[in-house]
Structure formats: structure tokens, C-alpha cells
1. Return yes or no: is D129 at pLDDT 95 or above, of a type in the set (D, E) and over 23 Å from D45 (Cβ atoms)?
2. Confirm whether R11 is assigned to a helix (DSSP H, G or I), over 22 Å from D144 (Cβ atoms) and either at pLDDT 90 or above or over 15 Å from the mean Cα position of the chain (by Cα) (or both).
3. Filter the stretch 48-62 down to residues that are surrounded by fewer than 19 Cβ atoms within 10 Å (Cβ to Cβ) and touching a strand residue (DSSP E or B) at 6+ places or on another chain (Cβ under 6 Å) and give me whichever is farthest from Q30 (Cα to Cα).
4. Is there any pair with a first residue in the stretch 142-164 that is among the basic types (K, R) and a second that is part of a loop (DSSP other than H, G, I, E, B) and at pLDDT below 95 whose Cβ atoms are under 9 Å apart and which are 6 or more apart or on different chains, and what are they?
5. Since D33 meets every condition but one in (1) within 23 Å of H2 (Cβ to Cβ); (2) outside any strand (DSSP E or B); (3) among the acidic types (D, E), which condition does it not meet?
6. Of all residues in the stretch 14-47 being small (G, A, S) and exposed (fewer than 11 other Cβ atoms within 10 Å of the Cβ), which is modelled with the lowest pLDDT?
7. Find the residue count for the stretch 88-137, including only residues that are in contact with a Phe, Trp or Tyr (Cβ under 9 Å, 6 or more places away or on another chain), farther than 23 Å from S69 by Cβ and either among the small types (G, A, S) or in a helix (DSSP H, G or I) (or both).
Amino acid sequence: MHPQSHAEMKRILTSGKYDNHFPAYPPIRQVLDVGSLNVNGTYRDIFPDSWEYFGADIAEGSNVDIVMSDAYHIPAESGRFPLIISGQCWEHCENPFRLCREMTRLLKPGGVMIVTAPFRAQEHRYPIDCFRFLPDGFKAIFKDSGLVPDAAYIINDGRDCWGIAVKPGKPENCG
């Protein structure tokens, strides 16, 4: 992850636009970060203590709380997370459509998914490097998974593509 990615994720999460998707109760809100291994930074510090952050990746390591059983299965119950994020992971996935479907399974109705991946970047195998993304690509992947695209855009001098989607349904209201 590079500093601009961290800054944009923080901007999105503190904009207030998605606050109604994260009910205040229970007091511990949960976020799942897919592809969380700390290679060169994490999003963990963006979240206040009132959030419970879970990092998931295909291998054990720094910033990984949940080890995926394979690239397309995250061992957690369906509909658990009101927020799922993923930064600079999907380009390393052979089938981002399949990964998005798994992430959607874990997302609560009314929950938000935020994903960023390169639009323009040099090859960076970790362990593989398969794709570059455009806004319409994110929208297509989200729609294939049953999500409603909310935003998709390129920033950082054309380096990063961002996609935000919402899972249909009313956000869980526990309060």
C-alpha cells in the first residue's frame, strides 16, 4: 500500500456518506480487510477503538487475523460484516469475480464494500500479478456479485482505481 491509498480510504470512511450503513449498536462495529498482510502498510490504524478490525489473507503474517482456506474462501459466517475493504489485493487474484462473490457472502445486507486496485502500475508479483482495473470493471464485478455499485473512479494521477458498492437490503438496526 502506498500513502495515497491510505489517505483515500481514510477520506472515504470519514466523509460521513456511509455512516447510516454502520449502525451504532452493537457498540463494537466490525470491518473485514481482505488481502490484509502487512507488506508495506495497513488500514488498521484508520479505525477507532469502537471498531473490531479483522485482517484476512491467504497466509499467516503481520496484520492477518483470519487465514483464508484458499484464495476464494474466508472462514467466517455469512452476513457478518457491515464493512468489507480490500486494498491492492484484487490485482493479485486470478479470479476477482469469484473473490468478490465470497466477500459479498460475508457482507451484511445494507453493508458497504470498498475496493482499490491499480489502474496503472508496473508488474509487481506478490506472488502473482494478473490485472489492472477500470471503473467499469469494478462496476461489472460488483453487479456480478449482486452488489449495487455506488462509486467508481480513478485517482492519484491515474494510478489507482476505487470502487464502492452496497449490498441490497436494509442495514441491520440493533438500536
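1. no
2. Yes; evaluated as a whole, the condition is true for this residue.
3. E60
4. Cβ pairs passing all conditions: R159/H2; R159/F119; R159/R120; R159/A121.
5. Of everything listed in (1) within 23 Å of H2 (Cβ to Cβ); (2) outside any strand (DSSP E or B); (3) among the acidic types (D, E), D33 misses just condition (2).
6. Checked the stretch 14-47; the qualifying residue modelled with the lowest pLDDT is G16.
7. Count: 2.
Per-residue answers, yes or no, for (1) farther than 18 Å from G158 by Cα; (2) surrounded by fewer than 22 Cβ atoms within 10 Å (Cβ to Cβ); (3) over 16 Å from the mean Cα position of the chain (by Cα); (4) not small (G, A, S):
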| position | (1), (2), (3), (4) |
| --- | --- |
| Q88 | no, yes, no, yes |
| H92 | yes, yes, no, yes |
| N95 | yes, yes, no, yes |
| C100 | yes, no, no, yes |
| L107 | yes, no, no, yes |
| Q122 | no, yes, yes, yes |
| P127 | yes, yes, yes, yes |
| D136 | no, yes, yes, yes |
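The values are calculated or read from the model by the stated rules, or taken from the named source; none is laboratory data. Quick caveat: nothing in here was measured; it's all calculated off a predicted structure. Ideal geometry is used to build each Cβ from the backbone, glycine not excepted, and the neighbour counts take in all protein chains shown.
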